[in-house]
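Chemist: Shown below is the structure under consideration.
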Amino acid sequence: MHMVELADRTAEAARKIRSLDDFEARLERAAGRVDELTGRPEAALVIYEAALMKSGRPREEIRRLVDRFRETFADEEEPLTIPRVSALMKVEGDEWFFGEKELRVLTGQLLGQFQHRVAQYNYLDERTVLRRWADSYDTRLFIRRRILDTEPVVGVTGAFDLELMQYLRVIAGGDTLVPTEGVARGLELLGFDRPSDGYETLAAAEQLALHLELPAPVVGEMLEELAREGGEGSLSGE
């Protein structure tokens, strides 16, 4: 699509969203869902959750297991840092990985990659390092160029596709979104051409977020909600 035409469609899509009668309520619901997603204070458990998403199990089931891990090993004197969680996972059983050894290996790899990253920025706490990675120019560039598998922290493990990488970036606090089927459908309902793949979906949705001057994860949730409704009623007459 020509850049001028894309800009026009983005502006029109933003107008459609802002003119919804219940725009403020939708915005509040979406922000609440994002707060729930990004609320984990421990970087290690953010990484663990993203690794478990590789299982394909429902997000609620995964979050329950991560919460149980926190409840089991929480210690006021020993916070759940990346090194401590790594050490625990080396001696604990596969029940923390739905019985899948591959998930255990992957989690260990990811924790190791971020532990190395944290060591490079020893004046920053782990959560800040994780969020900065999620939002960094370099991380964005590897994704924009579609060379995800060469990204030096998560990409080199070879285990994450675009959706999983984006899920980790979102729950780490990055200003981005997960390019799901729902987001693609939401864009279509707003007048965009059907995105050809996740990279196109991501680019269009992030551009829309910029135009709306809203955080990208919030816009992602709003697009998901539009898709669930199928546009019935909410966008009629636009």
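Chemist: Could you say whether any residue in segment 93-111 is open to solvent by less than 40 Å² (accessible area, probe 1.4 Å), closer than 20 Å to R131 by Cβ and either in contact with a Cys (Cβ under 9 Å, 6 or more places away or on another chain) or not β-branched (V, I, T) (or both)?
Modeler: Yes, there is a match, as at least one residue in segment 93-111 is open to solvent by less than 40 Å² (accessible area, probe 1.4 Å), closer than 20 Å to R131 by Cβ and either in contact with a Cys (Cβ under 9 Å, 6 or more places away or on another chain) or not β-branched (V, I, T) (or both).
Chemist: Under the condition of being of a type in the set (G, A, S) and within 18 Å of L106 (Cα to Cα), which residue from segment 140-191 is farthest from the chain's Cα centre (by Cα)? Working first, answer last.
Modeler: Looking only at segment 140-191, we keep the residues that are of a type in the set (G, A, S), and these are 155, 158-159, 172-174, 182, 184, 186, 191.
From what is left, the residues that are within 18 Å of L106 (Cα to Cα) are 155, 158-159, 172.
Numbers: G155: 15, G158: 18, A159: 16, A172: 7 Å.
So, considering only residues that are of a type in the set (G, A, S) and within 18 Å of L106 (Cα to Cα), the one farthest from the chain's Cα centre (by Cα) is G158.
Chemist: Still on this structure, please answer the following. Please name all residue pairs, on different chains or six or more residues apart, with Cβ atoms under 8 Å, provided the first residue is in segment 172-189 and is under 13 Å from E200 (Cβ atoms) and the second residue is of a type in the set (D, E, K, R) and in a loop (DSSP other than H, G, I, E, B).
Modeler: Sorted first by the residue in segment 172-189, then by its partner, the pairs are A184/R194; E188/R194.
Chemist: Select from segment 152-173 the residues that are part of a helix (DSSP H, G or I) and open to solvent by less than 30 Å² (accessible area, probe 1.4 Å) and list them in ascending order.
Modeler: Taking segment 152-173 as the starting set, the residues that turn out to be part of a helix (DSSP H, G or I) are 155-157, 162-171.
Those that are part of a helix (DSSP H, G or I) and open to solvent by less than 30 Å² (accessible area, probe 1.4 Å): G155, L162, L164, M165, Q166, Y167, L168, R169, V170, I171.
Chemist: Moving on to the next point. Which one is most open to solvent (accessible area, probe 1.4 Å), of the residues in segment 67-91 that are farther than 22 Å from L168 by Cβ and not aliphatic (A, V, I, L, M)?
Modeler: Ranking the qualifying residues of segment 67-91, first place goes to E76.
Chemist: Just for segment 51-66: of the residues that are among the charged types (D, E, K, R) and in a helix (DSSP H, G or I), which one is least open to solvent (accessible area, probe 1.4 Å)? Working first, answer last.
Modeler: Initially, segment 51-66 is screened for residues among the charged types (D, E, K, R), giving 54, 57, 59-61, 63-64.
From the residues that got through so far, the ones that are in a helix (DSSP H, G or I) too are 59-61, 63-64.
Working: R59: 91, E60: 110, E61: 54, R63: 38, R64: 152 Å².
The qualifying residue least open to solvent (accessible area, probe 1.4 Å) is R63.
Chemist: Would you confirm whether or not segment 104-112 contains a residue that is touching a residue at least 24 places away in the same chain (Cβ under 8 Å) and either under 24 Å from A216 (Cβ atoms) or part of a loop (DSSP other than H, G, I, E, B) (or both)?
Modeler: yes
Chemist: If I filter segment 133-142 for residues that are buried (at least 19 other Cβ atoms within 10 Å of the Cβ), part of a helix (DSSP H, G or I), assigned by the TED database to the domain that holds A203 and small (G, A, S), do I get at least one hit?
Modeler: yes
Chemist: Now for a separate question. Collect the residues in segment 11-25 that are assigned to a helix (DSSP H, G or I) and open to solvent by 10 Å² or more (accessible area, probe 1.4 Å), keeping them in residue-number order. Steps first, please.
Modeler: First pass over segment 11-25, keeping only residues assigned to a helix (DSSP H, G or I): 11-18, 23-25.
Result: A11, E12, R15, K16, R18, F23, E24, A25.
Chemist: For the subset of segment 27-50 comprising residues that are charged (D, E, K, R) and not in a helix (DSSP H, G or I), which member is most open to solvent (accessible area, probe 1.4 Å)?
Modeler: Per the criteria, the residue is E42.
Chemist: Is it the case that T176 is in the same structural domain as A13 (by the TED database), at pLDDT 95 or above and open to solvent by 10 Å² or more (accessible area, probe 1.4 Å)?
Modeler: Numbers: in the same structural domain as A13 (by the TED database): yes; at pLDDT 95 or above: yes; open to solvent by 10 Å² or more (accessible area, probe 1.4 Å): no.
No, not satisfied.
The values are calculated or read from the model by the stated rules, or taken from the named source; none is laboratory data. From a predicted model like this one, the values you see are computed outputs, not experimental measurements. So basically every Cβ, Gly included, is an ideal-geometry build from the backbone, and we count neighbours across all protein chains shown. Surface areas here come from the heavy atoms of the whole protein model, side chains and all, with no ligands, DNA or RNA. Shrake-Rupley method; radii C 1.70, N 1.55, O 1.52, S 1.80 Å.
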